[in-house]
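Step one of this worksheet: look at the structure below.
The values are calculated or read from the model by the stated rules, or taken from the named source; none is laboratory data. In this text the structure is predicted, and so the values were computed from the model without any measurement. Glycine gets a Cβ as well: all are built from the backbone with ideal geometry, and neighbour counts include every protein chain shown. For the accessible areas, the whole protein counts, side chains as well, though only heavy atoms, and no ligand, DNA or RNA atoms are used. Shrake-Rupley method; radii C 1.70, N 1.55, O 1.52, S 1.80 Å.
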Amino acid sequence: MFTARTYLAALILAALPAQAQQNDNKQQMLHAIAEAPSADNIKRDIEKLVSFGTRHTLSETESDTRGIGAARRWIKAEFEKISAECGGCLEVSYSTGVISGEARIPNATEVVSVIAIQRGKTDPNRFVIMSGDIDSRVSDVMDFTSDAPGANDNASGVAGTLEAARVLSQYQFNGSIVYAALAGEEQGLFGGKILAQQAKDAGWRIKAVLNNDMIGNTAGINGVIDNTTARVFAEGTRANETEAEARSRRFTGGENDSPTRNLARYIDLIADNYMTNLDVMPVYRLDRFARGGHHRPFNDLGYPAVRIMETNEHYDRQHQDLRTENGIVYGDTLDGVDFAYAAKLTALNAVSLASLSWAPNPPADVTIKGAVSANTTLSWAAPLPQEETLVKGYKIYWRYTDASAWQFSREVGKVTEFTLENVVIDNYFFGVASVSQDGIESPVVFPGAAGSFGN
Ligand SMILES: [Zn+2]
C-alpha cells in the first residue's frame, strides 16, 4: 500500500546523495559475503579431494580416480563450472613448471597448480590472491603410493578457495582476485615459487596473498577445543630488503610495519567488523616455528603475504601414515575436520578479498617528515588515473610505538599531503589508507620502502 509515509520515505531516499546509499549497500554486501560460505560445499569438496587416495606430488597423473593428476583436473573442472555459472567471469588455467634435482623431487616432475582469475573493473592489473595446496603426504615425504588423505592438510585450504570463488564470483570488484590451488607444497613450496615468479614476470601488482594451510582443525594436540579464533601469520621486515633500506629503517622505523604486517592488521579488523564469533590472532612471525607454507615464496619476492590457519593444530593428524599405535589413531582423515569452522575461515578470506578489491589501490610513494618539529607531515601519490572517481579521499592512522594495532585516525580529504599539527613524529608510528566513495578502505601503508605496497 502506498501511504503518505512511504511517499515521504521515498522522498528522503531520493534526496540522499548517491554515495550514502552505495555505502550502505557495500557494507551490506560484505555482511552477506561473510554469511555465504557453505560448510556442506566445503565438506563435499574435501571428501572429493580425499577420494583421490593420495595427492602426493610424485604420485601418478594418468588415472582419473587416483593421484595428483586426477585431483588437479577435478579442481580445474570445478573452477570452470563456477565460471560457467557467472557468465565466464573466471579465467581458468594451469600454472606449471618442471622441477628436478631437488632433495624431495629428484627426477624431472611437472608441478602443476590451478589458478582462476576474476578480473577487476577499474584496476585489473592489481591482484589479491587466495590459495590452498593440492598435494598431500604421509610420514615419509617421498612415499607417493600410500593413502595420504590430507583432509585438513590441505584439502581444507583448496575447498575453502573453491567456495570463496563460488561466493565472490557473484560480485564485481575494482581489483582482480586470483583463486589458486598450489602444487608441490610438501616437496619444497614449488607451486608457490613458480606462480610468484610468473606473476612477477607478468608485472602483476600483488597487494595481498592470503594463503590458507589447514583451516579445519578445532581440537588441538594441547587439549584445547576452539572454533572462535584463527591465526594470521605475518613476517616482519621484508625478506628482499636491501642494505640501504635496512639502514634507513634503522633510523626511521618500520620493523613492525611491513606491508605483510599491515595486511594482517587489516584482516584482524575485517574479522572484528564482519565476522561473528571469530577473532583473529595475528602472529608476528613468518610461520610456525621452523615450519613452512606457500605464502613464503611470495614474501621472498617482497609481496605482502600471510598464512591463515586454525589456532590449535593436532600433530597426530598431520603428515602421518594411517595407523593405530598404542591406542592412538594417526592420520589426516575426514573425521578430524570441522567443516563449519573451515567455512568460517573461508568467510574471513572472502570478506577480506572483497574489501581489498573494492577499495582503491593502497597509497603509493608514502613519505613522512617532521623531525625536530611539533608537526608531522605525510604525503603520497595521487590516485591512479583509472581510479580518480573511485577515490573519496585518504585517512591517516597513527599509534603508539608499542601498540600492536592502529589506534588513532583522521580523514583528511582528497589531498596528497597533510600535516598533523602538534603530533610529534618521535612518539608514534604513522600510515595512510585510501578510501573509496562507498567507504571501503585499503590497508594502511607505512611510509618508505619498509611499508610500501608498491605502485
Ligand atoms: Zn603439510
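What ranking, highest mean first, results for peptides 172-182, 121-131 when packing means the other Cβ atoms within 10 Å averaged over each residue?
172-182, 121-131
How big is the stretch 256-346 on each of its three principal axes, counting only the C-alpha atoms and giving the largest first in Å?
Cα spread of the stretch 256-346 along its principal axes, largest to smallest: 47, 33, 16 Å.
Principal axes first, then extents: for the Cα atoms of the stretch 43-175, list largest minus smallest coordinate on each axis, whole Å, largest first.
Rounded to whole Å, the extents work out to 47, 32, 23 Å.
For the stretch 302-408, state the semi-axes of the equivalent ellipsoid (square roots of 5 times the eigenvalues of the alpha-carbon gyration tensor), sorted largest first and rounded to whole angstrom.
Each semi-axis is √(5λ); the values are 46, 20, 12 Å.
Which value results when the Cα radius of gyration for the stretch 224-263 is divided by 2.2 N^0.38 Å?
That works out to 1.63 for the stretch 224-263.
Please work out the average accessible area per residue across the stretch 12-168, using the 1.4 Å probe convention, and give it in Å².
Ligands and nucleic acids excluded, the result is 41 Å² per residue.
Starting from the Cα of ASN375, step 7 Å along the direction of its Cβ; do the same at ARG323; then give the gap between the two resulting points in nm.
Between ASN375 and ARG323, the simple spin-label model gives 7.1 nm.
Check cross-link reach from LYS200 to the lysines: straight Cα distance under 22 Å, and skip same-chain residues fewer than eight apart.
Filter leaves LYS121.
Please compute the per residue accessible area over the stretch 306-455 with all protein chains in place, 1.4 Å probe, rounded to a whole number of Å².
On a per-residue basis, 39 Å².
Over all Cα pairs of the chain, how is the pair count split among 10 Å bins, expressed in % and running from 0 up to the last occupied bin?
Once binned at 10 Å, the Cα pair distances of the chain give 4, 21, 30, 24, 13, 6, 2, 0.
Using a 1.4 angstrom probe on heavy atoms only, work out the carbon and sulfur share of the accessible area of the chain in %.
51 percent
Defining a contact as two alpha carbons under 8 Å apart and six or more residues distant in sequence, what relative contact order in percent does the stretch 63-196 show?
Across the stretch 63-196, relative contact order equals 30 percent.
Taking only the alpha-carbon atoms of the stretch 405-455, what semi-axes of the equivalent ellipsoid follow from 5 times the gyration tensor eigenvalues under a square root, in whole Å, largest first?
Value: 19, 15, 11 Å, ordered largest first.
Largest first and in whole Å, what are the equivalent-ellipsoid semi-axes of the stretch 30-77 based on the Cα gyration tensor, each being the root of 5 times an eigenvalue?
Here the semi-axes work out to 28, 10, 8 Å.
Tell me what the chain gives for mean residue ellipticity at 222 nm when only DSSP H runs of n ≥ 4 count, each as -39,500 (n - 2.57), the sum divided by the residue total, rounded to 500 deg cm²/dmol.
Mean residue ellipticity, 222 nm, calculated: -9500 deg cm²/dmol.
Among the complete DSSP H segments of the chain, which ones combine at least 20 Å of alpha-carbon extent along their axis with a mean Kyte-Doolittle hydropathy of 0.0 or more?
Answer set is 339-358.
Tell me, how many Å apart are the Cα centres for the stretch 269-295 and for the stretch 221-245?
6 Å
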